[in-house]
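Below: the structure, in structure tokens.
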Protein chains: 6
Amino acid sequence: MPNIIIEGPPIKELDRKRKLAKEVTEAAAQGYGLPKEIIVVLIKENSPENVSVGGELILDRRQRKADK
Amino acid sequence: MPNIIIEGPPIKELDRKRKLAKEVTEAAAQGYGLPKEIIVVLIKENSPENVSVGGELILDRRQRKADK
Amino acid sequence: MPNIIIEGPPIKELDRKRKLAKEVTEAAAQGYGLPKEIIVVLIKENSPENVSVGGELILDRRQRKADK
Amino acid sequence: MPNIIIEGPPIKELDRKRKLAKEVTEAAAQGYGLPKEIIVVLIKENSPENVSVGGELILDRRQRKADK
Amino acid sequence: MPNIIIEGPPIKELDRKRKLAKEVTEAAAQGYGLPKEIIVVLIKENSPENVSVGGELILDRRQRKADK
Amino acid sequence: MPNIIIEGPPIKELDRKRKLAKEVTEAAAQGYGLPKEIIVVLIKENSPENVSVGGELILDRRQRKADK
């Protein structure tokens, strides 16, 4: 603790995951005033067919926008 | 917000995901009295070997029932 | 299973919670093609001082808009 | 999306919540390369009697250390 | 890690929380083959007006059964 | 309900998952004083490139320790 669960899109580059974990951890350490060693981050990668905004799957939204 | 996380079994057909996201979003929009555009749905697909009911994996329960 | 966690703002009226739980359950039952009896819904009520959008607490955003 | 759920101890000062939400959002925006406007943060405050590390409630661990 | 989130009804007695955290931690330690010191448990207490089964709030279900 | 979400590393052997689900369920049943039939366990397997401790991905930490 603190534990941070990040729900977002897939991240291809490993360096981007490194950066995300590092920066969120430092931000949380500062925000809580706690040592970063005890902060755990879980990155959850969600497929565009498993996320919807406004009732429309991200997959479909992208397709719709690409069709325009 | 609101954000809705649905933990369930895998869903093969994309149309079923579309329907699930759409209907849950509309239900939440009505329930909250909020516009559906701000409602995010995450569908989480869980393998039958990663879910248990009553301490028995779904995988094993299916096998047991099939064996009967 | 399926289990549905709804993260949203506080809901004062009990009838609104009834409606939210009922409608989301029916939507999920239809979406999955499963009986509604096995669907569990958890409503999580988040205080406006514990949610941020774009890095600004909902509490502050409301105040800022009220000040205009 | 991205949505970030932070599970941690209670935070008394509102300014600390402001800072936490702001800094985690900026870190995630940088990490993902996405605009911060679409990033939602939920701060979850857990009572020391509802969290355990190593099977011991935080409440008890604090008491044990205070007794030393 | 591992982190365990337990969503359940409110627990009044502190001793019951102690037991729950202790036993789940020991079970997870055995199940994973990991030392229990690194296992974190979060107990989430849900009000009966915030949980539904089959679309009916637990609050209402209890009342309905009490009325019989 | 109760529902238990276990976030941990990947588990290769199915028997280990069986044991984990069974033991956590029994522990929760004892802790809550509830029948184990109503307890649902979700095992979430997180890749070492999606988890960080202290801002360092588990993937990198393992590599760093292997390099020593």
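The values are calculated or read from the model by the stated rules, or taken from the named source; none is laboratory data. Since the model is a prediction, treat every value here as computed from it, not as a measurement. Positions of Cβ are backbone-derived with ideal geometry, glycine not excepted, and every protein chain shown enters the neighbour counts. Quick note on the areas: whole protein, heavy atoms, side chains included, nothing else; ligands and nucleic acids left out. Shrake-Rupley method; radii C 1.70, N 1.55, O 1.52, S 1.80 Å.
Numbers below:
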item: Between helix E:58-67 and chain E: long-axis angle, C-alpha atoms, 0 to 90°, nearest 10; result: 50
item: Cross-link table E:K17/E:K44; B:K22/C:K19; B:K65/C:K22; B:K36/C:K22, entries beyond 20 Å C-alpha to C-alpha; result: B:K65/C:K22
item: Binned Cα-Cα distances of chain E, short to long, each 10 Å bin given as a whole percent; result: 19, 36, 26, 15, 4
item: Kirkwood-Stokes translational diffusion coefficient of the protein assembly as shown, alpha-carbon pairs, 4 °C, 1.567 mPa s, µm²/s; result: 59
item: Mean residue ellipticity (222 nm) of chain C, computed from DSSP H runs ≥ 4 via -39,500 (n - 2.57), nearest 500; result: -14000 deg cm²/dmol
item: Peptide-level mean, for A:8-18, of C-beta atoms on other protein chains within 10 Å; result: 4
item: Within chain E, percent of DSSP bridges classed antiparallel, to nearest 5; result: 25
item: Between the stretch F:17-68 and chain C, the alpha-carbon center distance in angstrom; result: 27
item: Sequence of C:S47, C:S52 from largest to smallest accessible area, 1.4 Å probe; result: C:S47, C:S52
item: Shielding by other protein chains, B:54-66, mean Cβ within 10 Å; result: 4
item: Shortest-first nm distances, D:K12 label point to equivalent points in other copies (7 Å, Cα→Cβ); result: 3.0, 3.0, 4.9, 5.0, 5.8
item: Between B and F, accessible area buried - total, square angstrom, nearest 100, 1.4 angstrom probe; result: 1200
item: Net charge dipole size for the protein assembly as shown [Lys, Arg +1 and Asp, Glu -1 on Cβ; Debye, nearest 20]; result: 0
item: Relative contact order (%) - chain C, alpha-carbon pairs under 8 angstrom, separation at least six; result: 39
item: Whole-number accessible area per residue in Å² for chain D, which is evaluated in the context of all protein chains at 1.4 Å; result: 47
item: Chain D, dipole about Cα centre (Lys/Arg Cβ +1, Asp/Glu Cβ -1), debye to the nearest 20; result: 220
item: Residue closest to axis [chain F; rotation mapping onto D; Cβ; Å]; result: F:E7, 5
